[in-house]
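Down below is the structure, laid out as structure tokens.
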Amino acid sequence: MNLCALNVVLLVLLMTDGNAATSAPDPNLTREIRALIESARGAPTVLCEYAARSLQNGWGWTDAPASPLGTRSRRIHKRQMSAADIQFLLGSLDTPDPCVRELAVRLVASVDREEVTTGLIQRLASSDSAIRVVAALGLGISQPEKAVDPLIRATGDASSSVRANAVWALGRIGDRRATASVTRCLDDKSALVRRTAAGALGHLEATSALPGLVRALQIDREPQVRRVAAWAIVQVDDHGSAPDLAVALKKDSDAEVREMCAWGLGNLDDGSSSMAALIAAAKSDADEDVREAATWSLGEHGEASAAAVLGELVAHDASDEVRRTAAWGLGQLGLDSAPKGLIDAIASPDAEMRLTAAWALSEIGDPAALPALRTALSKEKNDRVRKAILRALVHSGERAERMSELLESKDPEVRKIAVQAVAGKDGMDPWPWPQPRPRPFP
């Protein structure tokens, strides 16, 4: 019975996947669903409650007022744990059952008590690597400063899992005394350790780690290590590494690495040195996500020289996401005239494309867009897009008498905009505000 009950939580953790609803049927998932339901039969309510919360359906006022569990069991209030509770949980870390250790470490490590730190540090020196793994995990959750030196020693552990957790914990604690040890882990034989080290160095933000991160980006054989190294370079960099990111954006064989490099170049204010690489990627990369990230970065840089490229992308790229991001980018450049591709996009069959194009045209304020905007307004059925077109009309110099006609609209928001337009456009709210999609974080 106890093993089955613990399996409830373990199986739920395995199954929690935000993309499950949209992915292809998975026979392994089918087996896990049936195993989960069988394991739940007769399980204690407290385990069922924690397992259900891990499915991310939401608890509290956002959840339904009644559920099959009925009256909920008391939640565990970590700050109210007694010394006996803490010792019980620490002792549970020494048991062979991985599910027990997982639950126990996540509960006890969230308690800010000296005996927790002491118990975890002691176990970091255990002869059992499984206990050392869970101890490093707990120290990463609790983040005690006094654990820095023991964790630095643990970066040389014989177990790659211990080394990886120790490096991760040092990154979370954020003490730069660990920089040298974590940097050495970029050469670890385990890809898991190298990837974790790159991420930890990004959190430590130590410029002394830059040469090691650049080397990892250039030569590591594992794409995920290179990807995280690119992210970390951006967190650490004083802008001197933009050329290295630009080279990787052009040459790396892995699309996720190139996407991260494109995103990184958008976050480094290095003038125009990365523009050529971003333009090339936005126009020619075979991967949609890379093109979109590069397009976003061109908008972030705000260089007017990117206008022609972004205008071409709005008109011709095969990806809806790239076209929308290119329209957003054009609105970022401070242009006086709108590219033809952007003006044409106001008639796109895609409502989100029309919305973004209208926003960008309102930022540019080109009178040449007025005929297309007037035609678009007469045909538009989507309320959000209509409001965006109205704002674009105002900012593009539409005459007050034309806007006065809209004072009779049945839509109160349209009437509000018309009033503001007749009175003067300066008081108009800057809506809508489309945001770019690229968000590649390790």
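The values are calculated or read from the model by the stated rules, or taken from the named source; none is laboratory data. What you see is a predicted model, and the numbers here were worked out from it, not measured in a lab. Neighbour counts are summed over all protein chains in view; Cβ atoms, including those assigned to glycine, are modelled from backbone coordinates with ideal geometry.
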Hits in the range 269-316 (condition: of a type in the set (V, I, T) and in contact with a Gly (Cβ under 7 Å, 6 or more places away or on another chain)): T295, V314
Within the range 215-224, tally of residues that are surrounded by fewer than 23 Cβ atoms within 10 Å (Cβ to Cβ) and in a helix (DSSP H, G or I): 5
Odd one out for R354 among (1) out of contact with any Leu (no Cβ under 8 Å at 6 or more places or on another chain); (2) surrounded by fewer than 24 Cβ atoms within 10 Å (Cβ to Cβ): (2)
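Being surrounded by 24 or more Cβ atoms within 10 Å (Cβ to Cβ) and at pLDDT 95 or above: is that true of A200 here?
Yes, satisfied.
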Restricting the range 318-343 to residues that are among the small types (G, A, S) and part of a loop (DSSP other than H, G, I, E, B), the residue that is surrounded by the most Cβ atoms within 10 Å (Cβ to Cβ): A338
Those helices (runs of 4 or more DSSP H) lying entirely in the range 370-425 with at least 2 residues modelled with pLDDT under 80, buried (at least 22 other Cβ atoms within 10 Å of the Cβ) and of a type in the set (A, V, I, L, M): 412-423
Residue check, S337 of a type in the set (S, T, N, Q) and either in contact (Cβ under 8 Å) with a residue 60 or more places away in the chain or out of contact with any helix residue (DSSP H, G or I) (no Cβ under 7 Å at 6 or more places or on another chain) (or both): no
Pair list, Cβ under 6 Å, 6 or more apart: the range 86-103 residue in contact (Cβ under 8 Å) with a residue 12 or more places away in the chain, other residue among the small types (G, A, S) and not in a loop (DSSP other than H, G, I, E, B): L89/A104; L90/G119; S92/A104; L93/A104; V100/S92
Single residue of A246, A286 found to be of a type in the set (A, V, I, L, M) and surrounded by 15 or more Cβ atoms within 10 Å (Cβ to Cβ): A246
Options A315, A281: the member that is in contact with a Cys (Cβ under 9 Å, 6 or more places away or on another chain), part of a helix (DSSP H, G or I) and more than 30 Å from E405 (Cβ to Cβ): A281
